[in-house]
């Protein structure tokens with residue numbers, strides 16, 4: 001893996017095929033943003049080795065909010081037609097993206113059209129459509145630094161914890177903390 005011996009945490013956005021090998025060798029807390037890996041193979045290895053892990057297909061706080069709003073939208077607009085679209089840069093290999101796959105897992109009946117063009121960082125849209133109205137949700141990443149910022153927040157949150165976590169679990173804890181401070 002080539003980690004520095006004095007590293008406190010590993011932030012990994014490599015390739016799906018390397019994740020299982022990393023799970024066998026890593027010795028420090030691990031933030032995993034790679035898509036295309038097999039959870040059924042990797043998570044038991046990480047759990048057995050007691051390596052703290054936080055994983056997600058997308059580390060954008062805005063995308064986390066988008067996903068929550070999309071789930072609420074599906075509840076409110078259960079009888080509306082629904083369609084998704086994503087646009088990413090032309091060299092992105094996976095289509096649909098890990099973010100789109102995650103949304104399709106969470107929202108029954110949602111499908112995505114995937115486009116790869118230009119240098120687009122990432123746009124996701126969900127349209128709820130009925131005869132009398134349409135509601136469109138859009139998340140657009142303008143700079144890849146948004147993913148790095150979320151990964152660093154995840155690394156800071158993971159330090160000193162034990163177990164396997166998702167970015168959503170971290171966000172839930174953070175957002176609940178904010179809510180309780182306001183009341």
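FYI, it's all coordinate maths here, none of it is from the lab. In this text, all values refer to a predicted model and were calculated from it rather than measured experimentally. Using ideal geometry, Cβ is built from the backbone for each residue, glycine included, and neighbour counts are taken over all protein chains shown.
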Using the beta-carbon distance between residue 50 and residue 127 and R0 = 45 Å, what value does 1/(1 + (r/R0)^6) give for FRET efficiency, to the nearest 0.05? 0.55
Within segment 75-98, name every residue whose backbone N is under 13 Å away from a label modeled 7 Å from Cα of residue 138 along the Cβ vector. 85-87
With each run of n ≥ 4 DSSP H residues scored as -39500 (n - 2.57), what mean residue ellipticity at 222 nm is computed for the chain after dividing by its residue count and rounding to the nearest 500 deg cm²/dmol? -12500 deg cm²/dmol
How far is helix 39-49 tilted, in degrees, relative to the longest principal axis of the Cα atoms in the chain, given as a value from 0 to 90 rounded to the nearest 10? 30 degrees
Rounded to 0.05, the calculated FRET efficiency for the beta carbons of residue 13 and residue 83 at R₀ = 35 Å is 0.75
Need the full-extension length gain, residue 61 to residue 145, defined as separation in residues times 0.36 nm minus the C-alpha distance. One decimal, nm. 29.1 nm
Please work out whether segment 55-183 counts as rounded, prolate or oblate from its C-alpha gyration tensor, where a ≥ b ≥ c are the square roots of the eigenvalues and a/c under 1.5 means rounded, while otherwise a/b larger than b/c means prolate and anything else oblate? oblate
For the chain, what does the relative contact order come out to in percent, with C-alpha contacts under 8 Å and a separation of six or more? 24 percent
Sites residue 71 and residue 162 - FRET efficiency at Förster radius 41 Å, r taken between beta-carbons, to 0.05: 0.90
Based on the mean of other Cβ atoms within 10 Å per residue, sort peptides 87-96, 52-61 so the most packed one is first. 52-61, 87-96
If you line up the long axis of helix 167-182 against the longest principal axis of the chain, both from Cα atoms, how many degrees apart are they, to the nearest 10? 80 degrees
Fraction of antiparallel bridges per DSSP, segment 61-141 only, in percent to nearest 5: 75 percent
